[in-house]
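J.: If you scroll down you'll find the structure; I have some questions about it.
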Amino acid sequence: MHTIRVRRVLPAAIACLLIGPLAAVASQERSDADKERPKLTLRASPRAGRSPLRIVLTAELIGGASDFQEFYCPSVEWEWGDGTESEATMDCDPYEPGKSEIRRHFTVEHVFRAGTHTVSFRLKQKDKVVAGINTQVQVQPGIDDRP
């Protein structure tokens with residue numbers, strides 16, 4: 001590691017000339033902590049209806065860095081709020097800063113029976129949840145659900 005010492009006898013302009021190039025190099029190395037984190041949203045369509053109700057759910061990462069490493073090649077977990085879950089993993093190339101791009105849209109369909117269901121969507125890296133969001137869907141009893 002190199003240490004630069006600037007003595008007080010040097011004018012400030014000369015000190016900036018010496019330190020400036022090193023500061024520029026350091027600012028080019030961005031970690032995920034420095035990058036803008038994409039925002040996770042979750043939509044259900046329709047949000048309510050009669051049983052059995054087929055709902056399309058879309059989770060989306062909006063904004064932020066397209067190469068946000070924490071969100072690159074995650075496993076995806078859906079918890080349907082009816083006692084069932086789904087999980088998917090992806091096969092991806094190794095992460096390369098500035099080149100690898102995160103997946104931004106995750107769309108699935110699920111059939112719900114009567115009740116209020118809290119649907120959870122999670123992005124995971126190994127066993128660690130790196131992002132998650134919930135939404136509720138309301139399903140009224142249909143003809144098949146009545147006694």
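J.: Quickly run through the range 57-91 and pick out the residues that are of a type in the set (A, V, I, L, M, F, W, C) and at pLDDT 95 or above.
T.: Of everything in the range 57-91, those that are of a type in the set (A, V, I, L, M, F, W, C) and at pLDDT 95 or above turn out to be LEU57, ALA59, LEU61, ILE62, ALA65, PHE68, PHE71, CYS73, VAL76, TRP78, TRP80, ALA88.
J.: Cβ contacts < 6 Å: first residue in contact (Cβ under 8 Å) with a residue 12 or more places away in the chain, restricted to the range 97-114; second residue surrounded by 10 or more Cβ atoms within 10 Å (Cβ to Cβ) and hydroxyl-bearing (Ser, Thr, Tyr), any location; separation 6+ or different chain. Result?
T.: SER100/TYR72; GLU101/SER66; ILE102/TYR72; THR107/THR58; ARG113/SER51; ALA114/SER51
The values are calculated or read from the model by the stated rules, or taken from the named source; none is laboratory data. Predicted, not measured: the structure shown is a model, and the values here were computed from it. Virtual Cβ from ideal backbone geometry, glycine too; neighbours counted across all protein chains shown.
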